[in-house]
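To keep things clear, I will list the structure first and then write my remarks on it.
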Amino acid sequence: MKRFLVLMTVLITALPVFAADKELYLYNWTEYMPGEVIERFQDETGIKVVYTTYDSNEAMYAKLKLLSGKGYDLAVPSTYYVNKMRSEGLLHRIDKSKLSNFENLEISLTNKEYDPGNEYSIPYLWGSTGISVNTDRVKNTNINSWLELWKPEYKGKVLLTDDVREVFHMGLTVLGYSGNSTKESEIKAAYEKLRELMPNVLLFNSEAPKIPYITGEVNIGMNWNGESYTAHEENPAIEYIYPKEGVILWMDNFVIPKNAENVENAHKFIDFVLRPEIAKIITEEIGYAIPNAEAKKLLDEEIRNNETIYPSAETIEKGEFQMDVGEAITIYEEYWEKLKTGN
């Protein structure tokens, strides 16, 4: 698929000369690591970070699968892709003896079903996918449901993330099904429901979904909480809403590809990011929740109590974390292509 091949490469160099063994190839989401963190790591360790980005789990997975896990030392898949890559033998086992800061992580966010014992992954950031709305342009103050996006007054004004699992998660949820359904009948029903939404959809965007809200290209739609948070900083009229049917929850994690060449450097970078003062920088700039208990203590109360970043316990309880759907992913992808091509 073409979207699997669309990649943007950014090389970040802060030191004039690096030895061959002083490199780290980091494959990460767009706008998902502050430049300050990269620079501080390079300055401290002398390790050059070669930073390459992707805009979907599918693109990341396809690239690593094609290369048999070669060419990159760290990647940052979401929960359900950790499980998938782990089961397919694409990941290198984590040596936690090299992570002196692992104990800073919140116990409740480790040892999850997708990777028991965190043998192959380390939590990086977690968050949600909900609704963003420009309250200057959308006067309805009672928006609290995914179904709002289907209303005819939003024809040609809605943004969806360019993510098969997220879009179908929404479609399944409004029908009362699990967002992790593996039943073709339910996935097909979600597809039919999503087809009704398509006249309202202006674009799919997972590279920087906050931008269309900031520029006024769209007024309402799906968005990640961190993107909505930073969009709100630029335009206070942009608000983030947790839909009453349940928000989509996810965790992004560091993994080391099976055939990474700089495994030692990968462990050094993970441990660096797990430092409380470094994790604090990340959440303050990017706007996603850190799974780092010690770092959270360092955050200003305004950020720590901001529900866009840190949802309430009730919101989390009603939400659903994305999980691996196994071979059913081919069903999702089939209906996803039909949805996007209008078939």
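The values are calculated or read from the model by the stated rules, or taken from the named source; none is laboratory data. None of the values given here were measured: they were computed from a predicted structure. Methodologically, a virtual Cβ is constructed for each residue, glycine included, from the backbone with ideal geometry; neighbour enumeration extends over all protein chains shown. Just so you know, the surface numbers come from the protein's heavy atoms only, side chains and all, with ligands and any DNA or RNA stripped out. Shrake-Rupley method; radii C 1.70, N 1.55, O 1.52, S 1.80 Å.
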*Could you tell me which of the residues V37, V49 is among the aliphatic types (A, V, I, L, M) and touching a Ser or Thr at 6+ places or on another chain (Cβ under 9 Å)?*
V49
*Out of the residues in the stretch 216-227 that are out of contact with any Pro (no Cβ under 7 Å at 6 or more places or on another chain) and closer than 24 Å to P152 by Cβ, state the one that is surrounded by the fewest Cβ atoms within 10 Å (Cβ to Cβ).*
G216
_Scope the stretch 246-278; condition β-branched (V, I, T) and open to solvent by 20 Å² or more (accessible area, probe 1.4 Å); matching residues_ = V263
_Flag for Y120 being touching a Lys or Arg at 6+ places or on another chain (Cβ under 6 Å) and aromatic (F, W, Y)_ = yes
*Answer yes or no: is there a residue in the stretch 126-134 that is in a strand (DSSP E or B), touching a residue at least 60 places away in the same chain (Cβ under 8 Å) and in contact with a Ser or Thr (Cβ under 7 Å, 6 or more places away or on another chain).*
yes
*Across the stretch 55-79, what is the number of residues that are open to solvent by 10 Å² or more (accessible area, probe 1.4 Å), assigned to a helix (DSSP H, G or I) and either charged (D, E, K, R) or touching a residue at least 40 places away in the same chain (Cβ under 8 Å) (or both)?*
3
*Would you mind stating whether E103 is open to solvent by 50 Å² or more (accessible area, probe 1.4 Å) and either within 21 Å of the chain's Cα centre (by Cα) or over 18 Å from A289 (Cα atoms) (or both)?*
no
_Single condition M85 does not satisfy, out of (1) surrounded by fewer than 22 Cβ atoms within 10 Å (Cβ to Cβ); (2) assigned to a helix (DSSP H, G or I)_ = (1)
*Got a number for residues in the stretch 34-54 being open to solvent by less than 40 Å² (accessible area, probe 1.4 Å) and either without any contact (Cβ under 8 Å) to a residue 60 or more places away in the chain or out of contact with any Asp or Glu (no Cβ under 9 Å at 6 or more places or on another chain) (or both)?*
11
*Please enumerate the residues belonging to the stretch 219-263 that are closer than 30 Å to R93 by Cβ and either assigned to a loop (DSSP other than H, G, I, E, B) or without any contact (Cβ under 8 Å) to a residue 24 or more places away in the chain (or both).*
K258, N259, A260, E261, N262
*asked:* Please pick out the residue among S121, S145, S128, S97 that is hydroxyl-bearing (S, T, Y) and open to solvent by 20 Å² or more (accessible area, probe 1.4 Å).
replied: S97
*asked:* I'm trying to understand the selection: among the residues of the stretch 310-327, which are part of a helix (DSSP H, G or I) and among the acidic types (D, E)?
replied: E314, E317, E327
_Contact list please: Cβ distance under 6 Å, first residue in the stretch 280-309 and free of Cβ contacts under 8 Å to residues at least 60 places away in the same chain, second residue surrounded by fewer than 18 Cβ atoms within 10 Å (Cβ to Cβ) and among the aliphatic types (A, V, I, L, M), pairs at least six apart or on different chains._
K280/L298
*Which of the residues belonging to the stretch 158-179 are open to solvent by less than 10 Å² (accessible area, probe 1.4 Å), aliphatic (A, V, I, L, M) and either assigned to a loop (DSSP other than H, G, I, E, B) or touching a residue at least 24 places away in the same chain (Cβ under 8 Å) (or both)?*
V158, L159, L160, V164, V167, M170
*Across the stretch 180-218, what is the number of residues that are assigned to a helix (DSSP H, G or I) and polar (S, T, N, Q)?*
3
